[in-house]
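The values are calculated or read from the model by the stated rules, or taken from the named source; none is laboratory data. Owing to the predicted nature of the structure, the values given are computational and were not obtained by experimental measurement. All Cβ positions, glycine included, derive from the backbone under ideal geometry; neighbour counts span all protein chains shown. Only protein heavy atoms, including side chains, enter the accessible area calculation; ligands, DNA and RNA are left aside. Shrake-Rupley method; radii C 1.70, N 1.55, O 1.52, S 1.80 Å.
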Amino acid sequence: MSKIGSFEGFQPVSLKQEGDDQPSETDQLSTEEGDPGKDPEPSRISRQPSVTESTLYPNPYHQPYVSRKYFVTRPGAIETAMEDLKGHMAKTPGETIQGFWLLTEIDHWNNEKERILLVTDKTLLICKYDFIMLSCVQLQRIPLSAVYRICLGKFVFPGMSLDKRQGEGLRIYWGSLEQQSLLSRWNPWSTEVPYATFTEHPMKYTSEKFLEICKVGSLSLIRLALMVKLSASKICTTQKKRKVKIQPGFIQIQILKGL
């Protein structure tokens, strides 16, 4: 008689079918392991190849969600800007566009501004373009004959500065720093700064098209330097020729705390 709480009265039931006298794979494995006449062999486990794929985010070379924050990445936006600026250049006879870049301008207060940089036969143009309305808002013209120094290097801040910036930049000088007024140095909205500083655009790695026009590298520096030197060599002999210095070096931003 079985009792509650014990296993008495229960008998094991075999699940083998009648006539099935072949040992199972588990029985064969246990038999081989318990065979003292054979040397033990390492067990082999067969695994099926994984069909899943894993992706690590974020990928620094492809950021589709970040690019949506910039209207310049809309289809046809940058092409429309190029055609619009070519129309502005058509009003000035004898000038053709030699270089086109989409860069980030860094002002003397370490603020970032999206700008289009154009180089023609005679002029350096810094354009503020509205990629929402697809129109040119502001166009600053600097004669290439006025450019006297081009510097490419890393950013440097004062030791006590709370602002820091990584990477390299390009600075173009066309005026005297000694003649810059104290008011223009401390005014964050001043337009009388005799130089312009640029760095790479954040959308550089979104596509091959932006990779070509958004970088600040040696190729861009060489192209700009050649245009400046060519313009300086065409100055009339009655004027004093200015030597253009093209050199690597640190780009100083004299600010302790930006806006």
- request: May I ask you to list the residues in the stretch 146-164 that are open to solvent by 40 Å² or more (accessible area, probe 1.4 Å) and either part of a strand (DSSP E or B) or modelled with pLDDT of 85 or more (or both)?
  value: TYR148, ARG149, LYS154, VAL156
statement: Of the residues in the stretch 96-115, those that are aliphatic (A, V, I, L, M) and in contact (Cβ under 8 Å) with a residue 60 or more places away in the chain come to LEU102, LEU103, ILE106
- line: Within the stretch 165-179, restricting to residues that are surrounded by 15 or more Cβ atoms within 10 Å (Cβ to Cβ) and closer than 20 Å to SER145 by Cβ, the one that is farthest from the chain's Cα centre (by Cα) is GLY175
statement: Checked the stretch 126-145 for anything in contact (Cβ under 8 Å) with a residue 40 or more places away in the chain and touching a helix residue (DSSP H, G or I) at 6+ places or on another chain (Cβ under 9 Å); matches are CYS127, TYR129, PHE131, ILE132, LEU134, SER135, CYS136, LEU139, PRO143, LEU144, SER145
query: List, please: which pairs have Cβ atoms under 8 Å, are six or more places apart or on different chains, and start with a residue in the stretch 70-95 that is closer than 28 Å to THR206 by Cα and end with one that is open to solvent by 40 Å² or more (accessible area, probe 1.4 Å) and part of a helix (DSSP H, G or I)?
result: ALA77/PHE71; ILE78/LYS209
statement: Restricted to the stretch 229-259 and to residues being at pLDDT 75 or above and buried (at least 17 other Cβ atoms within 10 Å of the Cβ), the residue farthest from ARG115 (Cα to Cα) is VAL244
field: Filtered residues of the stretch 101-136 (kept if on the phi > 0 side of the Ramachandran plot and either open to solvent by 40 Å² or more (accessible area, probe 1.4 Å) or not in a loop (DSSP other than H, G, I, E, B) (or both))
entry: LEU134
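Okay, residues lined up against (1) open to solvent by 90 Å² or more (accessible area, probe 1.4 Å); (2) modelled with pLDDT of 85 or more; (3) in contact with a strand residue (DSSP E or B) (Cβ under 7 Å, 6 or more places away or on another chain):
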| position | (1), (2), (3) |
| --- | --- |
| LEU183 | yes, no, no |
| GLU192 | yes, yes, no |
| HIS201 | no, yes, yes |
| SER207 | no, yes, no |
| LEU211 | no, yes, no |
| GLY217 | no, no, no |
| ALA225 | no, no, yes |
